[in-house]
Amino acid sequence: MNLILIAVIVLGAIGLVSALVLFLASHKFAVHEDPRIAQVAEVLPQANCGGCGFPGCSGFAAACVKAADAGSLEGKSCPVGGQPVMEQVAGILGMAAASSAPKVAVVRCNGTCENRPRLVSFDGAQSCRVQNMTGMGETGCAYGCLGCGDCVKACQFDAIHMNPETGLPEVDEDKCTACGACSKACPRGIIEIRLKGPKGRRVVVLCNNKDKGAVANKVCKASCIGCAKCVKTCEKFEAITLVNNLAYIDAEKCKMCRKCEEACPKHAIHGFNFPPKKVVSDAPAKPVAEKPAAEAPVKNEAGPKAADAPVQESPVINNVTQ
Amino acid sequence: MKTFRIGGVHPAENKLSAASPIRKAQLPKQAVFSMFQHIGAPAKPVVKKGDEVKVGTLLAEAGGFVSAPVYSSVSGKVSKVDVALDASGTRRPAIYVDVEGDEWEDSIDRSETLVRLSDRPDLDAKTIVEKIKNAGIVGLGGATFPCHVKLTPPPGCKAECVIINAVECEPYLTADHRLMLEHADEILVGVELIMKAVDVKRGYIGIENNKPDAIRLMTEKAAGHEGIEVVPLKVKYPQGGEKQLIDAVIGRQVPAPPAIPINVGAVVQNVGTAFAIYEAVMKNKPLIDRIITVTGKSVKQPSNLLARLGTPFQQLIDECGGLPEDTGKIIGGGPMMGKALISLEVPMTKGSSGLLLMTEEEARRTAPQPCIRCAKCVSACPMGLEPYLLSKVSEKQMWDKAEAEDITSCIECGSCQFTCPSNRPLLDMIRVGKSTVMGIIKSRAAK
Amino acid sequence: MSKLTISLSPHVHGGDSVQKNMYGVCLALMPALIVSLCFFGLGAAIVTAASVISCIFFEWAITKFILKRDELTITDGSAILTGLLLAFNVPSNLPIWIIVIGALFAIGVGKMTYGGLGQNPFNPALLGRVFLLISFPVQMTTWPVSGQLGSYVDVQTAATPLSIMQNAISTGDASLLNELPDSFHMLIGQTGGSMGEASAICLLLGCLYMLYKKIITWHIPVSIILTVFVFAGVLHLTNPVYANPVQVILSGGLMLGACFMATDYVTSPMSHKGQLIYGVSIGLLTVIIRNWGAYPEGMSFAILIMNVFTPLINTYCKPKRFGEVKK
């Protein structure tokens, strides 16, 4: 009897003390988490696929809350749940849903090995950022693709690959989630996250060269020389602007008439995913049996901001030999 | 023998042109003047197409306090104001002048007579600095930091001594060495001018002891100048680094940035700068030419040329026996810190201390192997950093960690990569990290 | 003229390479190897050859068939070095099959599982040795008497100086120490023990060569030897059952460990300050394990224990930054 009593008391006491310790610890070491993170995580698919670029759904939820506090859900998207889920998330966070129009990464350089001959060869760490510090890199173009594949390394979705023939990266549009990692990785800001366009159709200036026409013309066969012919063809829609000797097509205003494409003397403007035309164009046009491009309805609410000019690395300060 | 205390390496010296006297290079047919010949704001062109210029005519004025004007080194006609490929590897604004004859501005004293400081009692510190500023003089060792900025100490700082950098620790280069042998008197007057400009009584000239003839001559001549002392230094790279030189000569270490040499009381100027200061102050000659070493194992006649700024490198090589067939790399500057050029059309600038040709075999880097953590880079780093770690965190884009490990203290001397047995591109990656971290710090400061 | 090359500075390289360092260490081990061959004869030759060949083989096989890498890493000399060091750490009468198992463990588990050269947290050769010591304690602790040149596994064995020392401590009988060979013989190496334990003077010679060639710096070997000397000296003065410090530093694998094992690039700290901490700790641990531990030799355990602390030391022991002001 006594034995049983002692056992009960001892065990009970241990239990009580442990409970007390646990209680105190849970208060003392409680991690305060924004309750919205849990709410957001609830509406997410909980597939933990990492497709959004964050470690699992809770990581994405935390990122969404942080982004909402910063003012915008731009760039946050759940590839599994898609737009409906993102609208729910936006609702919880009291934000307007981010643009519904799907976007895709576009490499704005067509300086293939053929168009833009390599003048010198680069030797060193295989990184675009390193090569960019040598000045212009292997070609005479200070704005074009460096070809070391920093964007490929940055992509978590296996959606961008170097084409060994052209020496340029190519985006796999089905896999691209427009997360923007490649765009950030590119030291020359060549990759733009751009509206995918209706049926994936879009017209893009595939050049980033801001040099004056004569110089740009010399270094690359497919460069924009700032001749403004495209701007004139588009006077009606005012979709094309010319800044710093470089034409830029506003995806929101573009009516996909593709007149600029024909007008460009250097074939720097390309249409993507249009059905084949009789007019010869360099665009990798996929045969799609659909209505003519010009009639395709365009209803996009938000367009991309004009791509920021790439920040040139300042020359390395040589502060040893004085 | 004095030297700096932390790290350092000793690359093969290869001073091929040490015995070749300075010779005047021919005038170019066209001279190209970059607006970015110095650190700081670019110069602003004041001439336009078609303008007639003489040697010494102002082409562009300083674009700010940390900036320097650019003068024409040739006479002729401005053919265009455009962009030009320069040693940085990019195209930047430049002025092109088609050369006709060789007419000099009348204000320049072209005589060879030595003007001593005692001959010009009218000069005070302010006038000297003003003249230096107007002559467009920058640090001629390669850093091209506008000279007058260093001679204008920030409030609260007082210089205690002037240190003249005659170390020339870069392999191959001999321009400063030859300058000392041939213009010792002028240099010493230049040093006196610098001392007067910052109002100090002590001047040290640091020379590495692989130039015994220069040490001997300078010591001899310095005896006639009060307060100037020649300090022989043990040969060790990167002794020509400003911070390393101060440590070697007066045994003080400049703390991490934002501290600058003046915080430990030192003003450091290159020996070539001292000569240019002499010419600017005593002869009214703006910075229009400099001595450049054209060298390389395959070069027929490794030489030291006195060449006008704006001369294309192609011409300098032609004067030294032409471009060898097997050239694999062309370097503007020395092999440790110079920049590889993509073309020979690049014009000479104020910072061009050397032009080094490497054969294809020399130019090739060996394929990197895994880091074996031998710690040789840590031993070699003159700043007491851990290059293996900085390189790794840069590769992994861990910018916070890179900043915490003082990546911004790196002087990019290349000792780590030079010594790495695994041939790892340590400095390549550290540069990426350093520039990114600097950007982060700047944007943080802007907030 | 072909295309010019561009790259960032520096454009020259000192010419040092992994191979030079690895083969340099191998070369530094040669005097000791030759002396071992003279003392232990055939057995030493067989053990060394088996160890080196199997280390190279395992590295090649693992690289090719398991990791499926194209580049050949066996020529960099690190596998040869591991093989040599492993052979130096075992008795010369060890059967070949045990050596092969040791090599497999050293290369397979100690090195390649972590990703190969430069990635391993432990010294592979020591890991192999300790694995063998625990798995085959009898074979690993019977030491042949030197001078039996023609024989291999059938040699006479005897107690080593280390076991005599430990025996003296455990029984508390200082007179047992009289059985120790004199210091001169220990210096030359005519004592029983594993191959690398034999000749302290040859190992020192190798160490001097490495210092001269700047393969290693003095910090680790000097700090280990000095610590052991001082610590053992203090013990000897307080109680004569502890052997005199000269004999302590000349016996066992101390020289080999201090000069060749602890200085292993990959597993030792990066900064000089860290290396000194590492060396002193190894010295202290060695004396503690030797005198009061279960095994007569503590060097390998001490080094492996400190290998674990190397990343921690690297994190907290930074080299002195230029211009750093003491806080």
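Before moving on, here are some points about what is shown:
- Surrounding net charge for A:Val104, when Lys and Arg each add one and Asp and Glu each subtract one, Cβ distance under 14 Å: +3
- The protein assembly as shown shape via C-alpha gyration tensor axes, a/c threshold 1.5: oblate
- For peptides A:140-146, B:91-97, B:297-303, sequence by mean Cβ density within 10 Å, most packed first: A:140-146, B:91-97, B:297-303
- Residue mean of other protein chain beta carbons inside 10 Å, B:408-418: 5
- For region C:271-316, the fraction of 1.4 Å probe accessible surface lying on carbon and sulfur atoms is 78 percent.
- Largest to smallest in accessible area, the residues C:Met140, B:Met429 fall in the order B:Met429, C:Met140 (1.4 Å probe, all protein chains included).
- Over chain C, DSSP H runs of length four or greater, each weighted -39,500 (n - 2.57), average out per residue to a 222 nm ellipticity of -17000 deg cm²/dmol.
- Per residue solvent-accessible surface (Å²) - the protein assembly as shown, probe of 1.4 Å: 42 Å²
- Ellipticity estimate at 222 nm from DSSP helix runs (n ≥ 4, -39,500 (n - 2.57)) divided over chain B, nearest 500: -8000 deg cm²/dmol
- Among the lysines of chain C, pairs that are 8 or more positions apart or on different chains and have alpha carbons within less than 19 Å of each other number 11.
- For chain B, the gyration tensor built on C-alpha atoms gives a rounded shape. Its axis ratio a/c (a ≥ b ≥ c) stays under 1.5.
- Global geometry of region A:36-92, whether rounded, prolate or oblate, following the gyration tensor of its Cα atoms and the 1.5 cut on a/c: rounded
- Measuring between their Cα centroids, region C:229-258 and region A:58-79 lie 65 Å from each other.
- Neighbouring partner chain Cβ atoms per residue of A:135-144, average, 10 Å criterion: 4
- Computed with a 1.4 angstrom probe on protein heavy atoms, the C-A interface buries about 700 square angstrom of accessible area in total.
- The protein assembly as shown - charge dipole about Cα centre, Lys and Arg +1 at Cβ, Asp and Glu -1, debye rounded to 20: 2140 debye
- Residues in region B:128-172 that, when all protein chains are in place, have 30 Å² or more less accessible area than the chain alone would give (probe 1.4 Å): B:Gly141, B:Ala143
- The distance separating the Cα centre of region B:384-419 from that of region B:267-336 comes to 32 Å.
- In region B:146-192, the GluC sites (Glu not before Pro) that fall in loop regions by DSSP, at most 16 other Cβ within 10 Å: B:Glu160
- Nonlocal amide H pairs with A:Ile269, under 5 Å, H built at 1.01 Å: A:Leu206
- The accessible surface of region A:103-295, taken with every protein chain in place and a 1.4 Å probe, is 54 percent carbon and sulfur.
- Residue by residue along A:113-126, Cβ atoms of other protein chains within 10 Å of the local Cβ number 5 on average.
- Protein accessible surface hidden between B and C, which excludes ligands and nucleic acids, total in Å², probe 1.4 Å: 4100 Å²
- Accessible area per residue (1.4 Å probe, heavy atoms of protein chains only) ranks B:Glu112, B:Glu403, C:Glu324 as B:Glu112, C:Glu324, B:Glu403, with the largest value leading.
The values are calculated or read from the model by the stated rules, or taken from the named source; none is laboratory data. These numbers come from a predicted model, not from an experiment. For neighbour counting, all protein chains shown are included, and Cβ atoms are generated from backbone atoms with ideal geometry for every residue, glycine included. Surface areas here come from the heavy atoms of the whole protein model, side chains and all, with no ligands, DNA or RNA. Shrake-Rupley method; radii C 1.70, N 1.55, O 1.52, S 1.80 Å.
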